[in-house]
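Asker: Just dropping this structure here.
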Amino acid sequence: MKMTRHLFDRRRVAFIIMMLLLLAPVGCGPRHHQRPSPIAVSQQGLARDPAWQPGLAVVYLPGKVRHTKEMPSGDRLRRLGRPGAPIRQFNHSFGRGEVFASGQARGIGLEATGFIHLAQPGTYRFKALSNDGIRVWIAGRLVVDDGEWHSSGDRFSPPLEYANAQSGWAAIRLRYFQRKGTATLKLYWQPPGSDDYAVIPASAYAHAPQPETS
């Protein structure tokens, strides 16, 4: 008799717990992690500052690497890097010649920063033709991801999407390196409503000049 009562009590407790879980508010329990969307979303476009100048500011980094992740950043970038003239556009096939105005044809990397103009809201698609590695971020979101050494020469990066909620300017950061052999760097976009990719025009880039130090 005691065993039967004990079994009944256990079943009653289990039933009560189950009912409490079913009646609990949806937001009270832990949620499953959702798979992140491949589309980055910009919430607000920036207005152009009258002090901005054309092109992206650039810092050159001598040295041979096999991935953009190996390139220095932050304080180490500022300490080891060498500033150069702003880069107006990324539409270059250097062959075995000098990479931009770096003074070097191989064993050179760069970080370019500034702003890109997204003239309309909607989904932009980005890709790069490069040799060697390149990665690009807009508003902190990765939009070009092909950062490793290209043993087979020029190649296109996988297209990535960026959903722009509001037209305006957004921060852009580009990291690229040329290890050896030939060099290429062309950056493309497909704006909302367009059927084709095109090289991003020079008019879409701007940067804030650094204050002169005495």
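Asker: Between I172 and residues 5 or more places away or on another chain, which pairs have amide H atoms under 5 Å apart, with H built 1.01 Å from N, and which residues are they?
Answerer: For I172, whose amide H was placed from the backbone, the distant partners under 5 Å are G114, F115, I116, A139.
Asker: Output the peptides 140-147, 92-99, 190-197 sorted from most to least packed, where packing is the average of other Cβ atoms within 10 Å over each peptide's residues. Show your work: numbers first, answer last.
Answerer: On the way: 140-147: 18.9, 92-99: 14.0, 190-197: 12.1.
So the peptides 140-147, 92-99, 190-197, ranked by packing, come out 140-147, 92-99, 190-197.
Asker: How do V65, V199, V136 line up, fewest other C-beta atoms within 10 Å first? Numbers along the way, then the final one.
Answerer: Details: V65 19, V199 13, V136 26.
Going from sparsest to densest Cβ surroundings: V199, V65, V136.
Asker: Can you give the local net charge around G84? Use residues other than it whose beta-carbon is closer than 15 angstrom to its beta-carbon, Lys and Arg +1, Asp and Glu -1. Display every interim value, and only then the final one.
Answerer: Details: positive: R78, R82, R88, R175; negative: E98, E111.
With Lys, Arg at +1 and Asp, Glu at -1, the net is +2.
Asker: Over the range 87-208, what relative contact order in percent results from Cα pairs under 8 Å that are six or more residues apart?
Answerer: So the answer I get is 39 percent.
Asker: Could I ask something else about it? When only alpha-carbon atoms are used, what values of Rg and Dmax, in angstrom, describe the range 40-207?
Answerer: For the range 40-207, the Cα radius of gyration and maximum Cα-Cα distance read 15.2, 43 Å.
Asker: Under the rule a/c < 1.5 gives rounded, and otherwise a/b versus b/c splits prolate from oblate, where does the range 125-214 land using the Cα gyration tensor? Kindly include the intermediate steps, with their values, before the conclusion.
Answerer: On the way: a/c = 2.00, a/b = 1.12, b/c = 1.78.
Oblate, because a/c is 1.5 or more while a/b does not exceed b/c.
No value in this document is a laboratory result; all are computed from the given coordinates. Note that the structure is a prediction, hence the values are computed from the model and not measured. When we count neighbours, we look across all protein chains shown, and the Cβ atoms used for this are built from the backbone with ideal geometry, even at glycine.
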